1. Within the group Gln36, Gln40, Gln24, Gln45, which residue is farther than 29 Å from Thr6 by Cα and part of a helix (DSSP H, G or I)?
2. Taking the criterion of being more than 25 Å from Thr6 (Cα to Cα), assigned to a helix (DSSP H, G or I), of a type outside the set (S, T, N, Q) and at pLDDT below 85, would at least one residue in the range 54-75 satisfy it?
Amino acid sequence: MFSAMTRPPSISEDQWATFPAAGQALIATLLAEIAQLKVQVAHLQQRLDANSTNSHRPPSSDPPHTKPAPPRRPSGKTRGGQPEARADNSPGRRGHRPQADTLRPLPTHPHR
């Protein structure tokens with residue numbers, strides 16, 4: 001971020017000139033490390049702020065102090081499986097038609 005020759009904006013030119021080169025290099029290194037740590041803290045804060053409503057995490061991973069989701073309003077549909085009528089609106093059974101598998105006799109082969 002800052003090299004030993006450039007001064008940070010928070011330090012005046014007069015003060016910067018009084019620092020030895022080793023001190024300037026140390027300040028530049030520390031400021032670069034602080035900037036890197038700020039990025040890391042921001043990333044970790046995003047992870048802390050994630051919950052089941054704004055990420056892929058399951059509701060069981062939410063902290064205990066969070067409010068539960070508001071109850072859903074009823075949609076008017078009946079609970080359970082598919083409706084009685086088939087896709088072509090004809091009456092009848094639901095699901096697949098039963099397959100009548102018949103057993104065929106085994107072919108007779110001479111024994112070896």
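1. Working: Gln36 fails: farther than 29 Å from Thr6 by Cα; Gln40 fails: farther than 29 Å from Thr6 by Cα; Gln24 fails: farther than 29 Å from Thr6 by Cα.
Of Gln36, Gln40, Gln24, Gln45, the one residue that is farther than 29 Å from Thr6 by Cα and part of a helix (DSSP H, G or I) is Gln45.
2. Taking the range 54-75 and keeping what is more than 25 Å from Thr6 (Cα to Cα), we get 54-75.
When the remaining residues are screened for being assigned to a helix (DSSP H, G or I), the result is 59-61.
So of that shortlist, the ones also of a type outside the set (S, T, N, Q) come out as 59.
Now narrow it down to the ones that are at pLDDT below 85: 59.
So far as the range 54-75 goes, yes, one or more of its residues are more than 25 Å from Thr6 (Cα to Cα), assigned to a helix (DSSP H, G or I), of a type outside the set (S, T, N, Q) and at pLDDT below 85.
The values are calculated or read from the model by the stated rules, or taken from the named source; none is laboratory data. Quantities reported herein were computed from a predicted structural model and do not represent experimental measurements.
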